[in-house]
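Some notes on the structure that comes next.
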Amino acid sequence: MLALALSLRSAPASALADAVFADGFESCQGDPGCWLTVKPAQVDAQWAAARCNDGTPAGYELRPSPSGSHDWVILFEGGGSCDDLTLPCVDRGTALTTTPAQPNGRWAPLFHGGVLNPDPAINPDFADANLVQLDYCSSDQWSGATTIRHGTSATPGCAANDSTCGWYFSGRLNARAAIESLQRDHGLRDDGSQRVLFVGTSAGGFGLSANAEAMTQALPQTFAADGLRFVIDGGYVLDGWDQPGHFIGASTLTAVNVVAAQSREFWNASYETACERDRRANGLDPALCSLGSVWYPYLSGPAPGLGLKLLLQNSTLDAVATQRLMLTDPNDPARETWRCAMTASLRQAAWLFSSGDVYHTLSVSNQNFAAGPPGNTYRDLVGRFWHDRTPQRVVVHNPPCP
């Protein structure tokens, strides 16, 4: 913890850095899992639009490297979404719609597992890195860019177009404010000397696909120096899926593409990506850039793609997807159709961890992070990806398709 304190004292000066030892820091002495909560909207007015659904300030948690490492892991937290179509906003838990419980500037021992675990026995490749969790509280898969409210089922009495009450959907603005805050105040330099692993889980996986290009724009020299890596964990959905009688979530719709377009409109989502620009130029629907089979080549492929180094983790029978698409019955032929369509679509991924088992994400649980065959666990694969080994596809428990 002494090394942690020294590394923080040598970081760029800021109001938070000057108050390193205030607000509970002493209680963290000797604990490598001591995290700082930062709420950018309470630090600088330029980040005032970084807010949760209820208007309270969005936040992130930072565990600086105890050794001063130039490596970073920045995780987009997951937690579902709502669109008052397939997923009612009234069902959202409070923890996912309001500001984190920890006050701005407060240090506290917090638990984070998997790729954010500070224990090298559990997380050998990243335990010494600067670890960051971007807290998810916008219910929009990190893609909303609105600065006005609108009514939802969680805010009765607010009309859909009433800008004076209701919820904000500002996930994209939250992500950008967090990166700018880390750069200005907490040592995330863009000088080519640092490397950053971005990880997105579940809704955070969708969010990372939507914000990956924005991250390269926020860190242009790091990107130019080949210092950025991206892991999208449980955020891959097929374009064109439509099965009669299989309603999506709480809706009476069966077409994924229709749902994607309507969710985008509900959140006022704008990804401002190569995918959107290219599809719009070619008369195609840019809203479908939230679907994995559409965005993958734009993120990882050559121009008009970005050529990002990208690892996918997705079960072909992802538990969240199969539940939402009414595919939970093992005897339903549509379930096998989905598995085989996912198997075929995921063949485009150079770096892949995939299973036919029913699970969702693997990155933030100690147990799930170590899932997979000995020597080829998910943790092993993420480590090889980070260290620029030869691209590898680990596919297990997924029988051949016709």
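The values are calculated or read from the model by the stated rules, or taken from the named source; none is laboratory data. A quick note: this is a predicted structure, and the numbers were derived from the prediction, not measured. All Cβ positions, glycine included, derive from the backbone under ideal geometry; neighbour counts span all protein chains shown.
For F223, indicate whether it is part of a strand (DSSP E or B), within 30 Å of T147 (Cβ to Cβ) and either out of contact with any strand residue (DSSP E or B) (no Cβ under 7 Å at 6 or more places or on another chain) or not basic (K, R) (or both). Explain how you work it out, then say what you get.
Values: part of a strand (DSSP E or B): no; within 30 Å of T147 (Cβ to Cβ): yes; either out of contact with any strand residue (DSSP E or B) (no Cβ under 7 Å at 6 or more places or on another chain) or not basic (K, R) (or both): yes.
Taking the combined requirement at face value, the residue does not satisfy it.
Could you look through the stretch 163-203, keep only residues that are outside any helix (DSSP H, G or I) and β-branched (V, I, T), and pick out the one that is nearest to A319 (Cα to Cα)? Looking at residues that are outside any helix (DSSP H, G or I) and β-branched (V, I, T), I get T201.
Given the conditions (1) assigned to a helix (DSSP H, G or I); (2) crowded, with 16+ Cβ neighbours inside 10 Å; (3) out of contact with any Ser or Thr (no Cβ under 8 Å at 6 or more places or on another chain); (4) touching a residue at least 60 places away in the same chain (Cβ under 8 Å), report the number of the one that M326 does not fulfil. The failed condition is (1).
Would you call S138 under 17 Å from E265 (Cβ atoms), part of a loop (DSSP other than H, G, I, E, B), touching a strand residue (DSSP E or B) at 6+ places or on another chain (Cβ under 7 Å) and hydroxyl-bearing (S, T, Y)? Criteria met by S138.
Residue pairs whose Cβ atoms lie under 8 Å apart, sitting 6 or more positions apart in sequence or on different chains, and linking a residue in the stretch 373-385 that is under 22 Å from G227 (Cβ atoms) to a partner that is at pLDDT 95 or above and of a type in the set (D, E), are R379/D125; V382/D125; G383/D125.
Taken over the stretch 267-299, the criterion of being free of Cβ contacts under 8 Å to residues at least 60 places away in the same chain, small (G, A, S) and more than 17 Å from G234 (Cα to Cα) is satisfied by A281, G283, A287. Of the residues that sit in the stretch 34-58 and are within 13 Å of S139 (Cα to Cα) and small (G, A, S), which one is surrounded by the fewest Cβ atoms within 10 Å (Cβ to Cβ)? Only one residue tops the list, namely G55.
When W241, W267 are screened for being surrounded by 22 or more Cβ atoms within 10 Å (Cβ to Cβ), among the aromatic types (F, W, Y), over 17 Å from the mean Cα position of the chain (by Cα) and over 23 Å from G383 (Cβ atoms), only W241 passes.
All told, S193 meets the bar of being under 18 Å from P64 (Cβ atoms) and either out of contact with any strand residue (DSSP E or B) (no Cβ under 7 Å at 6 or more places or on another chain) or β-branched (V, I, T) (or both). When the stretch 384-402 is filtered for residues that are among the basic types (K, R) and either assigned to a loop (DSSP other than H, G, I, E, B) or in contact with a Leu (Cβ under 7 Å, 6 or more places away or on another chain) (or both), the ones remaining, listed by number, are R389, R393. So for the stretch 78-88 (the condition being surrounded by fewer than 21 Cβ atoms within 10 Å (Cβ to Cβ), assigned to a loop (DSSP other than H, G, I, E, B) and of a type in the set (G, A, S)), does at least one residue qualify? Scanning the stretch 78-88 turns up at least one residue that is surrounded by fewer than 21 Cβ atoms within 10 Å (Cβ to Cβ), assigned to a loop (DSSP other than H, G, I, E, B) and of a type in the set (G, A, S). Output the residue which, of all residues in the stretch 302-323 that are part of a loop (DSSP other than H, G, I, E, B), over 18 Å from V199 (Cα atoms) and among the small types (G, A, S), is farthest from the chain's Cα centre (by Cα). So, considering only residues that are part of a loop (DSSP other than H, G, I, E, B), over 18 Å from V199 (Cα atoms) and among the small types (G, A, S), the one farthest from the chain's Cα centre (by Cα) is A303. For the stretch 183-190, indicate whether the set of residues that are under 17 Å from A269 (Cβ atoms), touching a Lys or Arg at 6+ places or on another chain (Cβ under 8 Å) and either surrounded by fewer than 23 Cβ atoms within 10 Å (Cβ to Cβ) or free of Cβ contacts under 8 Å to residues at least 40 places away in the same chain (or both) is non-empty. No. Taken together, D71, D54, D119, D83 contain a single residue that is touching a Phe, Trp or Tyr at 6+ places or on another chain (Cβ under 6 Å) and in contact (Cβ under 8 Å) with a residue 24 or more places away in the chain, which is D83.
Against the condition of a type in the set (A, V, I, L, M, F, W, C), surrounded by fewer than 24 Cβ atoms within 10 Å (Cβ to Cβ) and under 25 Å from L311 (Cα atoms), how does A159 come out, does it pass?
Working: of a type in the set (A, V, I, L, M, F, W, C): yes; surrounded by fewer than 24 Cβ atoms within 10 Å (Cβ to Cβ): yes; under 25 Å from L311 (Cα atoms): no.
No, not satisfied.
Does A349 count as in contact with a Phe, Trp or Tyr (Cβ under 9 Å, 6 or more places away or on another chain), crowded, with 20+ Cβ neighbours inside 10 Å, modelled with pLDDT of 95 or more and over 19 Å from V382 (Cα atoms)? So A349 does not fit the description; no. For the stretch 113-125, a residue qualifies if it is buried (at least 19 other Cβ atoms within 10 Å of the Cβ), of a type outside the set (D, E) and part of a loop (DSSP other than H, G, I, E, B), and the qualifying residues are N117, P118, N123. Would you please name the residue that is farthest from V259 (Cα to Cα), looking only at residues in the stretch 87-109 that are modelled with pLDDT under 95 and of a type in the set (S, T, N, Q)? Checked the stretch 87-109; the qualifying residue farthest from V259 (Cα to Cα) is Q102. Here L299 does not fit the description of being assigned to a helix (DSSP H, G or I) and modelled with pLDDT under 95.
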